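Visitor: Let me give you the structure first, and then I'll get to my questions.
The values are calculated or read from the model by the stated rules, or taken from the named source; none is laboratory data. If you're wondering where the values come from, they're calculated on a predicted model, not measured in any experiment. Every residue, glycine as well, gets a Cβ built from its backbone with ideal geometry; the counts of neighbours run over all protein chains shown. What goes into the accessible areas is simple: the full protein's heavy atoms, side chains included, and nothing from ligands, DNA or RNA. Shrake-Rupley method; radii C 1.70, N 1.55, O 1.52, S 1.80 Å.
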Amino acid sequence: GVVMAASVMSALGVASHFLDLTGAQATTTAFLTLAMAQLWHTLSMSGYHAHLVRNEVTVNRYVWSAIVGCLALLVLAVHWGPLRRLLSLAEIGLSGWSVALFFSLIPMASVAAWRALSRLRTESAPS
């Protein structure tokens, strides 16, 4: 949770201070970062000793259908005027989407790195 929160706040900072997006655009970028981070987190839900890429979660077609459906809803929420206004979102352009995607992947990557390091420590520990 802490890594996800830090990622969202970092995306907000990059969007507002480096991309010079408006407050509404920066907030939209942060919202998309959180939403996508939660989607990617689903892929980290496999067992501790499961293979990183090919496991019971990543081969489940229902998981991928849900992720694709949710991503489509996020795109719709940002680009379809009535829904964008209802949710108080703003158009963010390619740079905003890129920031949101990059920072949304950090929590999943940190879980993968943590598991890999933990496995290495466990395997190299004397019995």
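Visitor: Quick one: count up the residues across the range 64-83 that are without any contact (Cβ under 8 Å) to a residue 12 or more places away in the chain and under 18 Å from THR29 (Cα atoms).
Guide: 7
Visitor: Something else now. For the range 69-119, what are the residues that are more than 12 Å from the chain's Cα centre (by Cα), more than 18 Å from SER46 (Cβ to Cβ), of a type in the set (A, V, I, L, M, F, W, C) and open to solvent by 90 Å² or more (accessible area, probe 1.4 Å)?
Guide: Result: LEU73, TRP80, LEU86, LEU94.
Visitor: For residues that are part of a helix (DSSP H, G or I) and among the β-branched types (Val, Ile, Thr), scanning just the range 88-115, find the one that is nearest to ALA77 (Cα to Cα).
Guide: Here the answer is VAL99.
Visitor: Got at least one residue in the range 12-29 being within 16 Å of MET108 (Cα to Cα) and either modelled with pLDDT of 95 or more or open to solvent by less than 20 Å² (accessible area, probe 1.4 Å) (or both)?
Guide: no
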